[in-house]
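K.L.:
Next up is a structure, given as structure tokens.
The values are calculated or read from the model by the stated rules, or taken from the named source; none is laboratory data. Note that the coordinates shown come from a computational prediction; the quantities given were computed from them, not determined experimentally. Note that each Cβ is placed from the backbone with ideal geometry, even for glycine, and that neighbours are counted across all protein chains shown. Remember, those area values only see protein heavy atoms, side chains included, never the ligands or the DNA or RNA. Shrake-Rupley method; radii C 1.70, N 1.55, O 1.52, S 1.80 Å.
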Amino acid sequence: MTRLRAIVVAAALLLGAGPPPRERVVTGDGVVAATINAAPARLRIDPGALAMPIITAEVAARAKLKRGKLLGFGFAYRVGPTLVKGSTAVGGITLDGSQFSRRIAWSELRYQTGSDGAVGPGGLAEPVVRFQLRAPMAGERTATLPLADEGGIIGNWGGSYAMVTAGTVPLRVRFAPRIARSFLVAAPAARIAGELGGRFDGAAEPVTIVFGVARPVRPMVLSRPLVVGPLSLTRIGVRVADSGDVAAIPSTGDAANAADPEEVVVTARSKHKPRPGMLTLGADVLARCSSIVFDKSAKQVRLTCA
């Protein structure tokens with residue numbers, strides 16, 4: 001009887017189990033052949049891009065995308081002081097035989113070089129998206145991090161991020177292998193510098209973000225590491241001119257700005273949790289990683305790095 005009951009339970013579990021999750025594997029530069037309303041296009045699947053595909057106005061014209069009068073939405077993307085504007089409309093997308101409808105944005109400026117547009121993992125039909133950045137390396141470790149995304153009145157349109165905490169500072173982590181250097185914007189950088197012993201170490205240099213817009217990024221060293229799953233970062237860039245004030249961050253060798261080791265700092269407790277800052281991991285840090293897996297059903301990011 002016990003054996004029969006075990007067989008019945010096992011059969012019930014097998015019958016109740018759903019199909020294994022569909023997974024899309026993205027390799028190389030992520031550029032794939034696609035169609036938008038049957039018009040050909042070359043889309044890059046990029047872990048740092050929005051769920052809402054962003055294409056050029058030329059491709060949008062070929063696809064006959066038109067901003068509707070009643071359900072049309074504008075599009076605006078700010079990179080520092082530069083505001084890129086465009087339009088959106090719903091269109092049909094085909095990627096390697098996978099067909100789905102999405103709201104699509106377009107502008108006169110190209111989002112990235114080497115493709116007609118880009119889409120992030122949140123904009124794909126597959127529930128699991130694996131970015132195979134390179135072959136596995138010795139000494140790798142895989143960590144599972146919470147997955148967060150953005151939404152709104154037009155559905156899931158924004159990026160897909162891993163969530164971490166640096167000291168007491170919550171951070172959304174964007175994975176952007178097309179951006180050369182990793183960085184924080186000014187406001188969370190200043191908070192992290194205070195908690196992890198950050199200090200500027202070197203001059204700012206321009207780093208291209210998206211739409212061909214470059215912003216000044218200055219290196220900051222940390223006395224205590226900023227941990228992102230398997231990664232331990234002791235050096236990170238800061239976009240010194242964007243979204244906050246970095247005046248409180250001292251520079252290497254600047255004795256006048258160094259904190260007194262005996263100083264006691266008293267801070268007030270906030271009634272509200274701080275809004276998570278943004279940490280962008282670029283090609284410099286992601287060179288240590290072989291894969292990033294976005295499991296949208298499980299709300300997880302699995303990051304494998306040496």
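K.L.:
Is one or more of the residues making up the stretch 30-41 of a type in the set (S, T, N, Q), under 21 Å from GLY158 (Cβ atoms) and surrounded by 15 or more Cβ atoms within 10 Å (Cβ to Cβ)?
P.N.:
At the first step, the residues of the stretch 30-41 found to be of a type in the set (S, T, N, Q) are 35, 37.
Then keep just the ones that are under 21 Å from GLY158 (Cβ atoms); that gives none.
Within the stretch 30-41, none of the residues are of a type in the set (S, T, N, Q), under 21 Å from GLY158 (Cβ atoms) and surrounded by 15 or more Cβ atoms within 10 Å (Cβ to Cβ).
K.L.:
Let me ask another. For the subset of the stretch 42-58 comprising residues that are among the small types (Gly, Ala, Ser) and within 13 Å of the chain's Cα centre (by Cα), which member is surrounded by the fewest Cβ atoms within 10 Å (Cβ to Cβ)?
P.N.:
First, pick out the residues of the stretch 42-58 that are among the small types (Gly, Ala, Ser): 48-49, 51, 57.
Within this subset, residues satisfying the condition of being within 13 Å of the chain's Cα centre (by Cα) are 48-49, 51.
Numbers: GLY48: 23, ALA49: 27, ALA51: 21.
Residue satisfying both the conditions and the ranking: ALA51.
K.L.:
Quick one: ARG62 ticks every box in (1) open to solvent by less than 70 Å² (accessible area, probe 1.4 Å); (2) modelled with pLDDT of 95 or more; (3) touching a strand residue (DSSP E or B) at 6+ places or on another chain (Cβ under 8 Å) except a single one, so which number is it?
P.N.:
(1)
K.L.:
Out of the residues in the stretch 109-120 that are crowded, with 18+ Cβ neighbours inside 10 Å and not aliphatic (A, V, I, L, M), state the one that is farthest from GLU58 (Cα to Cα).
P.N.:
Per the stated criteria, the residue is GLY120.
K.L.:
Limited to the stretch 131-144, what total is found for residues that are more than 18 Å from VAL228 (Cα to Cα) and within 20 Å of the chain's Cα centre (by Cα)?
P.N.:
The number of residues fulfilling the criteria is 2.
K.L.:
I'd like to check something: does the stretch 82-96 contain any residue that is surrounded by fewer than 18 Cβ atoms within 10 Å (Cβ to Cβ), modelled with pLDDT of 95 or more and small (Gly, Ala, Ser)?
P.N.:
Yes, there is a match, as at least one residue in the stretch 82-96 is surrounded by fewer than 18 Cβ atoms within 10 Å (Cβ to Cβ), modelled with pLDDT of 95 or more and small (Gly, Ala, Ser).
K.L.:
Here is a further query. Pairs, please: C-beta under 7 Å, at least 6 apart or cross-chain, first residue without any contact (Cβ under 8 Å) to a residue 24 or more places away in the chain and over 14 Å from ARG239 (Cβ atoms) and in the stretch 194-207, second open to solvent by 70 Å² or more (accessible area, probe 1.4 Å) and assigned to a strand (DSSP E or B)?
P.N.:
none
Conditions (1) among the polar types (S, T, N, Q); (2) closer than 23 Å to VAL32 by Cβ, marked per residue:
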site	(1), (2)
GLY114	no, yes
GLU140	no, no
TRP157	no, yes
THR165	yes, no
PRO188	no, no
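Conditions tested, residue by residue: (1) touching a residue at least 12 places away in the same chain (Cβ under 8 Å); (2) more than 22 Å from PRO177 (Cβ to Cβ); (3) touching a Ser or Thr at 6+ places or on another chain (Cβ under 8 Å).
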position: LYS85; (1), (2), (3): yes, yes, yes
position: VAL90; (1), (2), (3): yes, yes, yes
position: ASP96; (1), (2), (3): yes, no, no
position: GLU108; (1), (2), (3): yes, yes, yes
position: GLY117; (1), (2), (3): yes, no, yes
position: GLY120; (1), (2), (3): yes, no, yes
position: GLU126; (1), (2), (3): yes, no, yes
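K.L.:
In the stretch 121-142, what residues are open to solvent by 60 Å² or more (accessible area, probe 1.4 Å) and not charged (D, E, K, R)? Quick ask: steps written out before the conclusion?
P.N.:
Initial filter on the stretch 121-142 (open to solvent by 60 Å² or more (accessible area, probe 1.4 Å)): 130, 134-139, 141-142.
Of everything in the stretch 121-142, those that are open to solvent by 60 Å² or more (accessible area, probe 1.4 Å) and not charged (D, E, K, R) turn out to be ALA135, PRO136, MET137, ALA138, GLY139, THR142.
K.L.:
A further question follows. Do we have SER115 as touching a strand residue (DSSP E or B) at 6+ places or on another chain (Cβ under 7 Å) and at pLDDT 95 or above here?
P.N.:
On the way: touching a strand residue (DSSP E or B) at 6+ places or on another chain (Cβ under 7 Å): yes; at pLDDT 95 or above: yes.
Answer is yes for this residue.
K.L.:
Please work out which residue is farthest from VAL207 (Cα to Cα), limiting yourself to the stretch 97-108 and to residues that are open to solvent by less than 70 Å² (accessible area, probe 1.4 Å) and among the polar types (S, T, N, Q).
P.N.:
To start, the set of residues in the stretch 97-108 that are open to solvent by less than 70 Å² (accessible area, probe 1.4 Å) comprises 97-98, 100, 102-107.
From what's left, among the polar types (S, T, N, Q): 98, 107.
On the way: SER98: 35, SER107: 22 Å.
Applying the filter and picking the extreme gives SER98.
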